[in-house]
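Structure record follows, encoded as C-alpha cells.
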Amino acid sequence: MEADLKSTFLNVYSVLKSDLLHDPSFEFTDESRLWVERMLDYNVRGGKLNRGLSVVDSFKLLKEGKDLTEQEVFLSCALGWCIEWLQAYFLVLDDIMDNSVTRRGQPCWFRVPQVGMVAINDGILLRNHIHRILKKHFRGMPYYVDLVDLFNEVELQTACGQMIDLITTFEGEKDLSKYSLSIHRRIVQYKTAYYSFYLPVACALLMAGENLENHIDVKNVLVDMGIYFQVQDDYLDCFADPETLGKIGTDIEDFKCSWLVVKALERCSEEQTKILYENYGKADPSNVAKVKDLYKELDLEGVFMEYESKSYEKLMGVIEGHKSTAIQAVLKSFLAKIYKRQK
C-alpha cells in the first residue's frame with residue numbers, strides 16, 4: 001500500500017506542476033517554463049515527502065476506515081504537496097542564509113551553475129505556487145478560507161522561528177550564555193514544529209470538516225512532538241553514524257543552539273564550562289573532538305535516553321486521554337514514525 005500511495009502522490013505532483021507551468025496569469029516562454037520545471041523537480045520533489053504523505057495518512061485515519069473518493073485522494077495529496085512546496089521555499093532560502101553547500105545529497109539550489117541568486121526569486125515563486133494550488137483546487141470548498149489562513153499563519157510562525165534562530169546565533173558575537181532550554185524550545189516550536197507536525201494534521205482536520213479552534217489540544221500535542229523530534233535531531237547530529245544519518249552533523253562547528261549544548265551547560269563544572277566556551281563553534285576537528293569528548297564525559301547519551309522515554313510516556317498519556325479515537329490514531333501514527341528513530 002505504501003508504494004501505491006507514493007506513486008499516487010507523485011502522479012498528483014505531475015498534475016499540479018502542469019497546472020503551474022500553464023498558469024493563465026503569466027505568458028510563459030519556452031525558456032521560462034523549462035526553468036520553473038527544472039527548479040520544481042530539483043527542490044520540491046527531491047525530499048523524503050514525509051510531511052506531504054502524512055496529510056493523506058491522517059485524513060484516512062480521520063475517515064475511520066471509509067474508502068476515500070477519487071476526489072478526496074487527489075485533494076489530500078494536493079494539500080500534502082502544498083506543505084512540500086512550503087518546505088522547498090524555506091529550504092531554498094535557508095541554504096542561502098546559512099551559506100550551505102549540500103542539501104539532500106546534492107548541491108544547494110543556489111550553488112547550481114547559472115542559478116546563483118536567482119534562487120531568491122525561485123523561493124518567492126515557490127511560496128506563491130502554494131496559493132495558486134489552493135485557489136485552483138480548493139476555492140469552492142467550505143474550508144477554503146480556513147486553509148488559506150492556516151498556511152499564512154504557519155508561514156509567519158516559521159519565519160519568526162528562523163529569525164530568533166538567526167539572531168540568537170549572530171556570527172560576530174558567539175555567546176554561549178545566551179543559550180537556554182527555553183530559547184531552544186522557542187526556536188524549535190516556531191521554526192519546525194508548526195509546519196512539520198501541526199500543519200499536516202490541521203490540513204486533514206479541515207478536509208474532514210473540523211473547526212481548528214476546537215482542536216487546540218491536538219495542536220499542543222503536535223508541537224510537543226515537534227520539539228521531541230528536534231531534540232532527537234540534535235542528538236543524532238552528534239552521536240549518529242553519518243552513514244545511517246545520510247549527512248555529516250555540523251551543529252558544534254556552526255555554534256548551533258542545540259539541545260546537547262544547553263544540557264551540557266546545565267551539567268558542567270567550572271573547568272568543563274571553560275572547555276566548552278573555548279571549543280564550541282570552531283571548525284577545527286580537534287575543537288569539535290574536545291566538545292564531543294565533553295559530551296561523553298557528561299553522559300549526554302544517557303541524559304537523552306531518559307528524555308526520550310519520559311517524552312514518549314508523557315505524549316502517549318496525553319494522546320490516550322483524547323476523546324476521539326480517530327484523532328488518537330492520527331497522533332499515535334505520528335509518534336510511532338519518530339520514536340527511537342535512527343535518522
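The values are calculated or read from the model by the stated rules, or taken from the named source; none is laboratory data. Predicted model, so just to flag it, every value in this text is computed and none were measured. All Cβ positions, even for glycine, are placed from backbone atoms using ideal geometry, and neighbour counts span all protein chains on display. Side chains are part of the model used for accessible areas, which takes the heavy atoms of the whole protein and leaves out ligands, DNA and RNA. Shrake-Rupley method; radii C 1.70, N 1.55, O 1.52, S 1.80 Å.
General remarks:
- Restricting the stretch 166-209 to residues that are outside any helix (DSSP H, G or I) and free of Cβ contacts under 8 Å to residues at least 12 places away in the same chain, the residue that is least open to solvent (accessible area, probe 1.4 Å): 175
- For the stretch 232-244, the candidate set comprises residues that are among the hydrophobic types (A, V, I, L, M, F, W, C) and either under 22 Å from residue 284 (Cβ atoms) or in a loop (DSSP other than H, G, I, E, B) (or both); within that set, the residue that is most open to solvent (accessible area, probe 1.4 Å) is 239.
- In the stretch 16-69, the residues that are acidic (Asp, Glu) and under 22 Å from the mean Cα position of the chain (by Cα): 41, 57
Matching residues to (1) open to solvent by 40 Å² or more (accessible area, probe 1.4 Å); (2) at pLDDT 95 or above; (3) in the same structural domain as residue 262 (by the TED database):
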site: 284; (1), (2), (3): yes, no, yes
site: 291; (1), (2), (3): no, yes, yes
site: 294; (1), (2), (3): no, yes, yes
site: 307; (1), (2), (3): yes, yes, yes
site: 310; (1), (2), (3): yes, yes, yes
site: 319; (1), (2), (3): no, yes, yes
site: 323; (1), (2), (3): yes, no, yes
site: 330; (1), (2), (3): no, yes, yes
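- If you go through the stretch 271-302 and keep only what is touching a residue at least 60 places away in the same chain (Cβ under 8 Å) and of a type in the set (Phe, Trp, Tyr), you end up with 277, 280.
- Considering the stretch 1-56, and only residues there that are surrounded by fewer than 14 Cβ atoms within 10 Å (Cβ to Cβ) and among the small types (Gly, Ala, Ser), the residue that is modelled with the lowest pLDDT turns out to be 3.
- Every residue from the stretch 138-165 that is open to solvent by less than 40 Å² (accessible area, probe 1.4 Å) and more than 21 Å from residue 230 (Cα to Cα): 138, 143, 147, 148, 150, 151
- The combined condition, being touching a strand residue (DSSP E or B) at 6+ places or on another chain (Cβ under 7 Å) and assigned to a helix (DSSP H, G or I), is fulfilled by residue 95.
- Residue ID - nearest to the chain's Cα centre (by Cα), chosen from residues in the stretch 98-129 that are surrounded by fewer than 14 Cβ atoms within 10 Å (Cβ to Cβ) and part of a strand (DSSP E or B): 102
- Here the condition is being over 23 Å from residue 53 (Cα atoms) and among the β-branched types (Val, Ile, Thr); of 112, 92, it holds for 112 alone.
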